[in-house]
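In what follows, a single structure is set out as structure tokens and then discussed.
The values are calculated or read from the model by the stated rules, or taken from the named source; none is laboratory data. The shown structure was predicted, so the numbers you read here are calculated from the model rather than taken from an experiment. FYI the Cβ positions are ideal-geometry reconstructions off the backbone, even for glycines, and counts take in every protein chain you see. Remember, those area values only see protein heavy atoms, side chains included, never the ligands or the DNA or RNA. Shrake-Rupley method; radii C 1.70, N 1.55, O 1.52, S 1.80 Å.
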Amino acid sequence: MPTRFQTADVTSTTAKARDGPQEVVYKSWDLLIYEIWVLGIVSTWAWGCGTDAYLLPQFRANVGKKHHLDIGSGTGYYLRRGGIPAATQLTLVDLERPALEIGLHRSGRAGDARGIVADILQPLPVEDDTKFDSVSMYYLLHCISASVDAKCGIFAHIKHNMTPDGVIHGANVLGKGVRRDNLFAKHIRHMVLRDGIFHNEDDNAYEFEHALRQNFEEVETAVVGSVFMFRAARPKY
Ligand SMILES: C[S@@+](CC[C@H](N)C(=O)[O-])C[C@H]1O[C@@H](n2cnc3c(N)ncnc32)[C@H](O)[C@@H]1O
């Protein structure tokens, strides 16, 4: 499949196809800093959930063999390091077109992956009937500016894009019901909330797990440090 961009009007679910990728300026220092700072230092020392120790192994264990969908692909870290089989068709979704372009590039699969610019709070604007056997969403939910209810609504619509044995997996930083922040975490949490990077003050494990159980037959969750990790399989249609 050639690289294909599809842009959804993020205020509606109407999809409009676009021509090939535009020129992107890759800011490799930004990406390096994001990966060292956010996925390395902050994940481990503020949120208590090392990416290499917990998140990457979960991604690797659950990535599908046929069609994988990564939502909120960002820098494409998991796509590069997540051991996605060469034969697996890859689809990326992100609200931001530049992020999508970087994710596609860094996945090393720019030649055969597809990118969709869309707001995942809305049903996925796919133009074909592709069903994904795996869906990943890492460090996405805490970035979405919406109520916990609206975030949980993602599970109710994304399951319709999944195969009957499909698996959804991911992780996000919680805002409620977690261990007391250490000084570093307190500082980081203050900054990311103040700067509008995190929108997770009400995010809690109970509501996310409940929403997963309403929409999937098999649900496994864990809170590691301040991070909610989840894996759910077999959508309830
Ligand atoms: C913190 S980054 C996570 C990147 C990557 N998954 C990781 O763990 O390194 C969150 C990404 O989600 C995207 N995003 C935020 N809100 C979104 C939404 N409503 N729909 C789709 N993508 C969204 C952002 O543009 C950003 O690229």
Self-check item: Ranking by accessible area, most exposed first, for Cys143, Cys152 with a 1.4 Å probe
Solution: Cys143, Cys152
Exercise. Figure the gain on full extension for Ala146 and Asp52 (residue separation times 0.36 nm, minus the Cα-Cα span) and round it to one decimal in nm.
Key: 31.0 nm
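By the scheme Lys and Arg +1, Asp and Glu -1, what is the net charge of all other residues having a beta-carbon under 12 Å from that of Val63? Working shown, then result.
Working: positive: Arg60, Lys65, Lys66, Arg81, Arg231; negative: Asp70, Asp133.
For residues surrounding Val63, the net value is +3.
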Exercise. At 1.4 Å probe size, with every protein chain present, just tell me what the per residue accessible area of the stretch 130-237 comes to in Å².
Key: 44
Quiz prompt | Selected from Thr130, Thr88, Thr221 as most flexible by GNM, with the chain as the system and alpha-carbon contacts under 10 Å | solution = Thr130
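Quick check for you: with a 1.4 Å probe and neighbouring chains kept, what is the accessible area per residue of the stretch 40-93, in Å²? Let's see the in-between values first.
Values: 2040 Å² over 54 residues.
Result: 38 Å² of accessible area for each residue.
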Quiz prompt | Amide hydrogen neighbours beyond the local backbone of Val167, cut-off 5 Å, H modeled | solution = Ser134, Val135
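Tell me, what % of the accessible area of the chain is carbon and sulfur with a 1.4 angstrom probe?
Values: 6060 of 11130 Å².
Carbon and sulfur atoms account for 54 percent of the accessible area of the chain.
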Quiz item: What distance in nm separates the simple spin-label points at Ala156 and Glu218, each placed 7 Å from Cα in the Cβ direction?
Solution: 2.6
Quiz item: If you plug each phi of the stretch 127-143 into the Karplus form 6.51 cos²θ - 1.76 cosθ + 1.60 with θ = phi - 60°, what whole-Hz ³J(HN,Hα) values come out, in order, with x for Gly and Pro?
Solution: 9, 10, 9, 4, 10, 8, 8, 8, 9, 10, 8, 9, 6, 9, 4, 6, 8
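As a quick test, which of the pairs Lys66/Lys186; Lys131/Lys186; Lys131/Lys151; Lys66/Lys236 have an alpha carbon distance above 31 angstrom in this structure? Working shown, then result.
Values: Lys66/Lys186 41 Å; Lys131/Lys186 41 Å; Lys131/Lys151 21 Å; Lys66/Lys236 20 Å.
Pairs exceeding the cut-off: Lys66/Lys186; Lys131/Lys186.
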